[in-house]
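One structure below.
The values are calculated or read from the model by the stated rules, or taken from the named source; none is laboratory data. Keep in mind it's a predicted model, so treat the numbers as computed, not measured. Counting neighbours? That spans all protein chains shown, and the Cβs are built from the backbone with ideal geometry, glycine included.
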Amino acid sequence: MDEQDIDMTTDNGTRGWDAINAALAPLYPGQEPRHFGTAVPYTLGGRDPLDGISVYRSGASRPHWHYVSYGLSELYDKQSDDADDSGFGFELTFRLAVQEGEDAPPVWPMNLLQNLARYVFGSGNVFEAGHHMDANGPIALDTDTCLRHLAFMPDPQLPARDTPNGRLVFLQVIGLSDAEMAAIKRWSTDGVLQALAPRMPLWITDLHRASLLEDPALALLLQQGSEREGSSTAVLFVETLDWREEGEAVVLVLGAGQVPNLLELLPLRLQHGHPLTLVSRQREWEFAPGAHDAVTRVEDGMRCTLGAQGLAALQQCVRPERGRYPVPGTALVVEVVPTVLRDAQDRVVREIG
């Protein structure tokens, strides 16, 4: 991306763009942002879906760079038939702590935002408040940061607004550690991030910080929230998921790398009256709470209903190791197969189970 001067004057053909500028103007009166635009527009074959990213220097809470995307909403004239939302209905923001002696915003967050936008444009799936994802490595490549996950929350200084092209929400991307993301899965994105906010004001990402859950008191607070409310993680996206019928039994096939997450989340969902759904590219399997243990076909896949005894039996017998695990008192057999991890060149780098 190339740094560009931007014309902040209003033009009827840029009313979506102007709406973003209008949202930022009260936060940064008189400040001219650094604006980075794409050399070749996405519509003309360029790689970057975002038309641009503006970066402001903020002194709120602590000095930080405030990145704001332009391009997930409709920046110019209204094109879609959706009168309610502008484009995908959101723009992305990111706050990065300023390092000592730093006088220009780092480029890597722009690449991060472009990659996230590329996913949205390519899949049609949109991000919403509360969503989270594994970055599959440090969020800033070639660094030793412990932040390897991303969460999405409404930007605390940019409320949703109505624009001439429809509703627009500003979603802030937040870098998190393994332990912090595990806490989110056990509880909720909102619950965890609100608890972390006093230690991470404005949810500013700092690559050099340690995991905040090294503080035992904070870790206990999140554990209590999970025990009180259960987990808001309703869906687990898994690589390996299959099943087959063997007489009276139904065999559920899972990868060993998926089993620990499943065993941890099942009681936090079922014991609070909520189902947990496993989804792969081709298959869908739902665990649901119920008075009786049963496995039945449903329209979208299979449903396994577990009562208290069935849930306890599954937790006691299934292990994240290759093997067959009949669940006592039920028709369910869990078959665990190795999980193979590959690098970007499709080379096997690790086998689990």
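Tell me, which residue of region 183-238 that is basic (K, R) and farther than 22 Å from Q258 by Cα is farthest from the chain's Cα centre (by Cα)? Per the stated criteria, the residue is R228.
On the stretch given as region 207-237, residues that are touching a Lys or Arg at 6+ places or on another chain (Cβ under 8 Å) and part of a loop (DSSP other than H, G, I, E, B) total 5. Only one entry of R303, R269, R297 meets the criterion of being more than 24 Å from E321 (Cα to Cα), at pLDDT 90 or above and either in contact with a strand residue (DSSP E or B) (Cβ under 7 Å, 6 or more places away or on another chain) or not assigned by TED's automatic domain parsing to the domain that holds S177 (or both), and that entry is R297. The selection criterion, being out of contact with any Gly (no Cβ under 8 Å at 6 or more places or on another chain) and outside the structural domain of L147 (by TED's automatic domain parsing), does not hold for R209. Quick check: anything in region 211-224 surrounded by 14 or more Cβ atoms within 10 Å (Cβ to Cβ), within 29 Å of L268 (Cα to Cα) and out of contact with any helix residue (DSSP H, G or I) (no Cβ under 7 Å at 6 or more places or on another chain)? Yes, that holds for at least one residue. Considering V295, V279, V250, V235, the condition of being under 25 Å from V337 (Cβ atoms) and in contact (Cβ under 8 Å) with a residue 60 or more places away in the chain is satisfied by V250 alone. Scan region 31-64 for residues that are modelled with pLDDT under 95 and β-branched (V, I, T) and jot them down. Answer for region 31-64, where residues must be modelled with pLDDT under 95 and β-branched (V, I, T): T38, V40, T43.
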